[in-house]
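Taking it in order: structure first as structure tokens, then the write-up.
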């Protein structure tokens with residue numbers, strides 16, 4: 001069986017990496033069975049065999065693949081007869097880079113303290129120290145005023161909102177890896193924080209509901225918050 005190392009909180013079943021969720025959904029999309037293994041920030045040795053220090057890490061027989069984009073390409077190449085992730089769609093790379101350079105950096109400033117509070121004691125020390133050095137502020141200072149920043153965040157989602165007024169999914173009439181990229185970010189927030197990002201009358205909210213129901217409710221049944 002395929003193995004997938006995923007980021008976990010103090011609760012083993014609280015899996016909250018946006019990049020890992022991209023792959024969880026992709027594996028389900030392909031209909032592939034997987035053993036999802038918890039990994040925490042301070043467990044670098046646990047994935048040392050992969051040659052780097054981040055998850056997701058996928059192990060499929062003799063193949064070890066890290067980085068969500070490389071894993072998606074591997075799954076598409078290795079399992080071509082399973083439903084396609086639509087990596088050939090022209091929007092995929094744009095969505096990937098938009099999520100990683102615009103959406104996720106905004107989201108993390110809403111979520112940092114919630115992430116910290118959901119970690120093991122050892123991981124809390126590592127996380128606070130590394131993130132406060134990165135941002136030059138305390139976690140509390142970074143998330144302060146997040147409610148007031150929500151309108152600006154919603155503005156950045158306008159292209160996504162307009163897309164869902166024209167088509168059901170980012171990838172068109174059915175979901176693809178583009179959807180899993182964007183959904184991974186929302187699922188990251190939902191699994192780690194009770195801070196509400198979307199209103200029910202937002203087309204993005206309805207799309208997210210569809211994504212939560214996909215693959216027998218894989219994401220909707222995950223440990224998280226009803227926001």
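Considering only residues in segment 1-30 that are part of a strand (DSSP E or B) and farther than 19 Å from residue 221 by Cβ, the one that is farthest from the chain's Cα centre (by Cα) turns out to be 2. Of all positions in segment 123-145, none carries a residue that is closer than 30 Å to residue 85 by Cα, touching a helix residue (DSSP H, G or I) at 6+ places or on another chain (Cβ under 8 Å) and not assigned by TED's automatic domain parsing to the domain that holds residue 22. From the list 53, 45, the one residue that fits, being surrounded by fewer than 16 Cβ atoms within 10 Å (Cβ to Cβ) and in contact with a helix residue (DSSP H, G or I) (Cβ under 7 Å, 6 or more places away or on another chain), is 53. Scanning segment 118-139 for residues that are exposed (fewer than 14 other Cβ atoms within 10 Å of the Cβ) and under 19 Å from residue 9 (Cβ atoms) turns up 121, 122, 129, 130.
Being outside any helix (DSSP H, G or I) and either within 24 Å of residue 216 (Cα to Cα) or without any contact (Cβ under 8 Å) to a residue 24 or more places away in the chain (or both) is the filter here; which residues of segment 31-53 pass it?
Looking only at segment 31-53, we keep the residues that are outside any helix (DSSP H, G or I), and these are 31-43, 51-53.
Of everything in segment 31-53, those that are outside any helix (DSSP H, G or I) and either within 24 Å of residue 216 (Cα to Cα) or without any contact (Cβ under 8 Å) to a residue 24 or more places away in the chain (or both) turn out to be 31, 32, 33, 34, 35, 36, 37, 38, 43, 51, 52, 53.
The values are calculated or read from the model by the stated rules, or taken from the named source; none is laboratory data. Given the structure is predicted, the values throughout are model-derived calculations rather than measurements. Backbone-built Cβ (ideal geometry, glycine too); neighbour counts: all protein chains shown.
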